[in-house]
Amino acid sequence: MGTIKKSNKDKVYVLTDREFDYLKILNLSLQYNVFKDKVISGFLYYVCTNKHGYDEDVNLQFEIDLEDDKKELKVRSLPKELVEKAIEQQG
């Protein structure tokens, strides 16, 4: 996964006040829930497919700082082969 982090193909989007506030609420309310990351990723995936035109069969990686008022969401599209390889290594 180190090569993914070094990739410079991030796209940066500014979330609306409503989207950013919703993320902060999710983060706070799910603080002690093991499904927190899945719920937040699901919401961001929804935003990207419905607002920014990503296909639903694309693997996406997100980066956002909920403490930063810029509300910037960095989105990286991951190659299918890379995801499959990571899944194989876990199993």
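The values are calculated or read from the model by the stated rules, or taken from the named source; none is laboratory data. Source: prediction; values computed, not measured. Every residue, glycine among them, receives a Cβ derived from its backbone with ideal geometry; neighbour counts consider all protein chains shown.
Here the range 54-91 is the region considered, the condition is being polar (S, T, N, Q) and out of contact with any Phe, Trp or Tyr (no Cβ under 8 Å at 6 or more places or on another chain), and the residue that is surrounded by the most Cβ atoms within 10 Å (Cβ to Cβ) is Gln61. A count restricted to the range 57-91 and to residues that are within 16 Å of Leu15 (Cα to Cα) and assigned to a loop (DSSP other than H, G, I, E, B) stands at 7.
Within the range 1-56, being at pLDDT 90 or above, of a type in the set (D, E, K, R) and in a loop (DSSP other than H, G, I, E, B) holds for Asp55, Glu56.
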